[in-house]
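The block underneath contains the structure these notes are about, expressed in structure tokens.
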Amino acid sequence: MFCTRCGSDLRETDKFCSQCGASVSSPHSGQPYTQPVRQLARTMYDKKIAGVCAGFAHYFDCDVTLMRVIWLILAFGTGLGFIGYIVAWIAMPKDYGPAVANVVPAEPGRV
């Protein structure tokens, strides 16, 4: 197998070219290997107050309860957690999730 970008020789198990770093098509799927893009956003489907802790937990791929405990320790231990939470609440965009993104609200009086 050869890299389509630089032409270097590749092993069958490679996902990226060792010379140029280009992603290599998987022999099983025919699709190039891509990592999912993670975006830091407030989740509206897993929130308690504003979704900041849930957004950070999804971004760092950890438990939401653990992230809430970390924010509480920062808030009550240093006081910076309160300021950081409010700044994140304002700065982070909302993420409604896949279930709510395609829902169109019905007009009143129409079915």
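The values are calculated or read from the model by the stated rules, or taken from the named source; none is laboratory data. For clarity, every value in this text was computed on a predicted model and none was experimentally measured. Here the Cβ positions follow ideal geometry from the backbone for every residue, glycine too, while neighbour counts run over all protein chains shown.
Just give me the residues in region 43-70 being in a loop (DSSP other than H, G, I, E, B) and of a type in the set (Phe, Trp, Tyr), in sequence order. Break it down stepwise before answering.
Initial filter on region 43-70 (in a loop (DSSP other than H, G, I, E, B)): 44-51, 61-63.
Hit for region 43-70 is Tyr45, nothing else.
Arg42 - would you say it is more than 17 Å from Tyr96 (Cβ to Cβ) and under 19 Å from the mean Cα position of the chain (by Cα)? First the steps, then the outcome.
On the way: more than 17 Å from Tyr96 (Cβ to Cβ): no; under 19 Å from the mean Cα position of the chain (by Cα): yes.
Criteria not met by Arg42.
Being at pLDDT below 85, under 20 Å from Phe82 (Cα atoms) and surrounded by 12 or more Cβ atoms within 10 Å (Cβ to Cβ): is that true of Thr43 here?
Working: at pLDDT below 85: yes; under 20 Å from Phe82 (Cα atoms): yes; surrounded by 12 or more Cβ atoms within 10 Å (Cβ to Cβ): yes.
Judged against the criteria, Thr43 is a match.
Which condition number in (1) modelled with pLDDT of 75 or more; (2) over 30 Å from Phe2 (Cα atoms); (3) in a loop (DSSP other than H, G, I, E, B); (4) not polar (S, T, N, Q) is the one that Val104 fails?
The failed condition is (1).
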